[in-house]
Amino acid sequence: MKIEHLFKGVRRRPPNVSPPAEIESVQRVFLPLQPGVKALVEAGQEVAIGQLVGASEDSPAQNVHASVSGTVAGVEMVTGVAGQPVNAVAIINDGKNTMAPAEDAALAIREPETLVSHKPLELAGRLDQAGFDISATVGPKPYISMNGVKQIRKIDYLIISAVDYDPPVAPNQASLADIAQEELVLGISALVHVSGAKKVKLAIPKGGVSKDLEKLAYDLNWEMASVAAGQYPFAWDNLLINQLTGREVFFPEGDSRDWGAVVVPLPKVLELARCLMTGKPATTCTLAVSGDVNQPKVLKAPCGTPVKDLLEACGGVSGDQGKVILGGPMKGQALFDLDMPVTKDMDGLFVQSAEKMAKFSDHPCIHCGRCVQVCPVNLIPGELGKLCEYNQFEEAADKDLFQCIECGACAYVCPARRPLVQLFQYGKAEIQAERMEQ
Ligand code: SF4
Ligand code: SF4
C-alpha cells in the first residue's frame, strides 16, 4: 500500500544505515534498579548472562537480568537520564560469555504453529518476566464499561515499525537490514496471539522492502505501508496509527489500545522472538550512534553498558565534544554524565561537537506562521508560546496546550529561534502543579 497524505512536520535527512554490529568489549556494566526492585546478588558473587540479579514484587517487567558474565562489584550509584542518582548492580565482565541455564528452556517456542498451545495471558506473563512489559503495552486492555461490567478492549491493528522516531538515529531501519525471517514470523505471531490483533501492518521506509519480505508479507497476509523515512515526527506511535489506520489517538497520554491499535518497533519484535526461541530473557540493547562520531554505527550492546563505551566503539567524538543527546537531535535530551548506562528503552545517541553547537538568544515572535504549517497536531505554537511566556496558563490549556507532543518541529523552523518546547513544558508543569493543589 502506498501512503498518500498531507502530513505536517519537517523533513530530515533520511539516515544511512548498516546492520547492527556487536560491541566488542565492555569492561563493566551497571544495571539500574527501578524503585521497588530488590538486588538479589552481593559483591563478589559470580553471575552468568541471563541470571536474575534484581526482582520487582509488583511488575515482573522490571526484573533485571545480568547482561554479561563475571563478578558482581556491588550495588553502586549511577546517574539517570535526568541527572538523578540511581542504584545499579555493577558487574565486572569476565569476557567468557557464560550463559545461565534457561529456567524454562523446555518451554522454548520455535514454531509459530505451537503458540496456540499457550494461553495468551500465560505467554504475555512469560514475556513480561523476560523484561518486555507486554501486558501493559500490547496486551488487550481491560476496562470497566458504563454499566460497571469489566470488558476487554479489542485490538484491531498491530503495527510493526521499521521507521525511526528521530532520524538520523535509526535503529529500526538498521534492524530491517539484519532480519531473519523465522524470527520475524515468530515475533509477530506471538504478538498477534497475545494482543488478538486482527490485522498486521508493517511500516517500512520507502525503498526498504526486499523481494523476500514482500513475498513473506503476501503469504502471511500482512499489509505493507511504505513511508518516507525522513519525515519527522511521522514515526511517533500515535501519528503513525493515525496515518496508517485513520484513527486519532488523543494526546498527550492517550493509550492507543483504546483506539484498537498498538505499535511495536521492529528490533523489539526480533528480540522477543529470540527470547522465545531460547527461553532466555533479552539482555542486549540496540542503539544507533550518529552525529559527530568518527564511525557512526548501530550497536548491539549488553544492557548497562556506559554511554562512553558506545562512543569509544564508534571511534570517539570527531572534534571537541559538545553535547551527547539521548534519543536524537529533535526529541532527545542532553546527557549529564557519559558514565550513564544504557537500558532497553533507549534507541540511540546523537553527538554534537562543540563547533556545531549553536550559540544564540531568542527574539520576539514575528508572526510568520511557519510553526503553524509544521505542527503535526494542528496547534498554533507561536500563540501558545506567548501565553506560556506571560503565565496565561489556563488560556493556553483552553487552546489545547496538552495536545502538544513536544516534537520540536515548530522550534526547528522558527526564524526567531523561540524556545517553544521549553515554554510548553514550563506551561504544562505550572498547570499541573496548580491542579494538584486544588
Ligand atoms: S506545538 Fe508541540 S506538537 Fe506542535 S510542532 Fe510544536 S512541539 Fe510539535
Ligand atoms: S515560527 Fe516563530 S516567529 Fe514565526 S509565528 Fe511561530 S513562533 Fe512566531
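Every number here is computed from the coordinates shown, using simple stated rules; none is lab data. Note that the structure is a prediction, hence the values are computed from the model and not measured. Here the Cβ positions follow ideal geometry from the backbone for every residue, glycine too, while neighbour counts run over all protein chains shown.
Here are a few things to note about the model shown:
- Two-site FRET efficiency, ARG110 against SER318, from Cβ-Cβ distance with R₀ of 41 Å, rounded to 0.05: 0.40
- Charged-residue dipole, Cβ positions (Lys, Arg, Asp, Glu), segment 226-279 about Cα centre, Debye nearest 20: 240 debye
- Candidates VAL53, VAL324, VAL41: whichever shows maximal mean-square fluctuation once the chain is modelled as a Gaussian network with Cα springs under 10 Å: VAL41
- The chain - charge dipole about Cα centre, Lys and Arg +1 at Cβ, Asp and Glu -1, debye rounded to 20: 1080 debye
- Cα→Cβ-extended label distance, 7 Å offset, between GLN333 and SER145, nm: 4.0 nm
- Between GLN373 and ALA21, full extension at 0.36 nm per residue minus the direct alpha carbon distance yields a gain of 122.8 nm.
- Residue with peak Gaussian network fluctuation, the chain [Cα springs, cutoff 10 Å], from ILE91, ILE188, ILE144: ILE144
- Distance between segment 130-189 and segment 275-304 - C-alpha centres, whole angstrom: 19 Å
- Of LYS215/LYS297; LYS119/LYS154; LYS268/LYS300, pairs whose Cα-Cα distance is over 18 Å: LYS215/LYS297
- If you wrap the Cα atoms of segment 125-176 in a convex hull and average its projected area over all directions, you get 5.6 nm².
- Taking 0.36 nm per residue of separation and subtracting the Cα-Cα distance, full extension of the segment from LYS308 to GLN425 would add 39.2 nm.
- Theoretical gain in end-to-end length, PHE360 to THR98 [0.36 nm per residue, Cα-Cα removed]: 89.2 nm
- For the chain, the membrane-span-like helices by this rule, meaning whole DSSP H stretches whose C-alpha atoms cover at least 24 Å of axis and whose Kyte-Doolittle mean is -0.5 or above, are 420-437; this says nothing about an actual membrane.
- Sum of side-chain charges, ARG435 neighbourhood, beta-carbon under 11 Å (Lys, Arg +1; Asp, Glu -1): -3
- Within a Gaussian network of the chain (alpha carbon springs, distance under 10 Å), most fluctuating of GLY36, GLY291, GLY348: GLY36
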